[in-house]
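Written below as structure tokens is the structure these notes are about.
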Amino acid sequence: MRDLRSTRLSPAYTKRLAAAWSLFVAFYQARAPLPLESLRKDSVAAVKWMCLFLQSLYETDRLTKQAVGRHALLSMEKEMKELKGTLQEAWETLESWRQEIPSQMRVPLFLPALLSMAVVARLLARSAQGTSGYKWMAASVLLEVGFFSLLRPGEMFALTRQLVSLPGQLLGNAASFAVVGIIGPKNKKQLGKYQFSVCRSANATAWLTWFCDGLLPCERLWPGTAKDFRKRFKLLLKYLGLEDLNFSPASLRAGGATYLFMHGVDPSRLKFYGRWASERTLAHYLQESVTFQLAHNASARAQRLVALALEVGADFLAPPAQPLSSLFPRPAARKGLAAAVSTDQGLRAPALVTPARSWEALYPPPR
């Protein structure tokens, strides 16, 4: 059994605190005439030297060093418990710095771009072999699950089969939506270590059901590394001419939140859906105007390629009739999308599924 008091902080967080404290100690010892221990009984001097340290960090790199200053302040309260509650001026100095830094706004991915990326990934899966093809198919499913479940990238990569509840698996879960479990999320201190999210799309749930068939309970839905997913994500953007719009895997959660908000889901419900601790945090994601702006500013080539992918890849909007296990491994079935879209040639999708409806019909707005 572990000692609760000594292990209340994670090793990674403890390491960050120690690193920041070491920087402050080095800063102080290089400039101060008195030993470090003298600060324990002199809160005025402690505040003075901490503010000088914060100023030094600010002048070095105001955009990235703020966290170091915060960790140094927390460490001072931890290492010199006599000073706790007396460092208000230093905390106010840090807050002044924080307010100057622009908020980090997540760029929301809009639905047609999301679906075109999923389609391209499935086309690439059909043209690849073995593990590579499987990863492209997994990426295509997780793109939709991340978007409609409002998942953070780390939560998406950590999903295993046993954390996915498909329609009908839970007593009372008669809806057409899947539920995914999340263990140890970013905001676990505010909302708990164990959380859940609903995949609010029947068609995305159908893809998830198809992909999970045959997976062992402990198997991860994403079989590679986070770096591998991001690499494929960037490649999909490049194929569709969207690489200049600053989309990232974090855009899935932002895009899903913006999509739901634009279709009438009020912020209080959306806060619960996305497990945000406050509506202030949620405000970073509600950027419907940004979404419209991005769609408008996409190049003519990008708009053409997105439309082409949705038109030619219409049969890849619904899950295949064959199980996943029958598709991998297999020989290459077709050329990759890159050559086709570079010349805007039509792509003939193999007859894998029931004749497709439009993407608007498969992904109706939330009710």
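Rounded to the nearest 0.05, what FRET efficiency is calculated for ARG31 and THR7 with R0 set to 30 Å and r the Cβ-Cβ distance? Once the sixth-power term is evaluated, E becomes 0.30. Specify whether the C-alpha gyration tensor of region 11-100 places it in the rounded, prolate or oblate class, a ≥ b ≥ c being the square roots of the eigenvalues: rounded for a/c under 1.5, otherwise prolate if a/b is larger than b/c and oblate if not. It comes out rounded by the Cα gyration axes. Taking label positions 7 Å along the Cα-Cβ direction at both SER56 and GLU77, the computed distance is 2.2 nm, reported to one decimal.
Counting other Cβ atoms within 10 Å as a rough exposure proxy, the listed residues ASP266, ASP213 run ASP266, ASP213 from fewest neighbours to most. Spin-label model, ARG230 to GLU360: label points 7 Å out along the Cα-to-beta-carbon direction sit 3.7 nm apart.
Extension gain, ASP266 to ALA18, is 85.0 nm, computed as 0.36 nm per intervening residue step minus the present C-alpha separation.
Here the simple spin-label model places points 7 Å from the Cα toward Cβ, and for TYR194 and GLU95 these points are separated by 3.7 nm. Length gained on full extension, LYS186 to ARG301: 37.6 nm, using 0.36 nm per residue less the C-alpha separation. Placing unit charges on the Cβ atoms of the charged side chains and taking the dipole of region 11-100 about its Cα centre, the candidate lying farthest along the positive direction among THR60, TRP97, ALA26 is ALA26. Sparse packing (at most 13 other Cβ atoms within 10 Å of the Cβ) combined with a DSSP loop state is found for the following trypsin sites (Lys or Arg not before Pro) in region 33-101: ARG62, LYS84. Here the average projected area of the convex hull drawn through the C-alpha atoms of region 61-200 stands at 13.5 nm². Full extension of the chain segment joining THR131 with GLN322 gains 67.0 nm, where the gain is 0.36 nm per residue of separation less the Cα-Cα distance.
Read the figures in this text as sums done on the coordinates, not as results from a lab. Note that the coordinates shown come from a computational prediction; the quantities given were computed from them, not determined experimentally. Methodologically, a virtual Cβ is constructed for each residue, glycine included, from the backbone with ideal geometry; neighbour enumeration extends over all protein chains shown.
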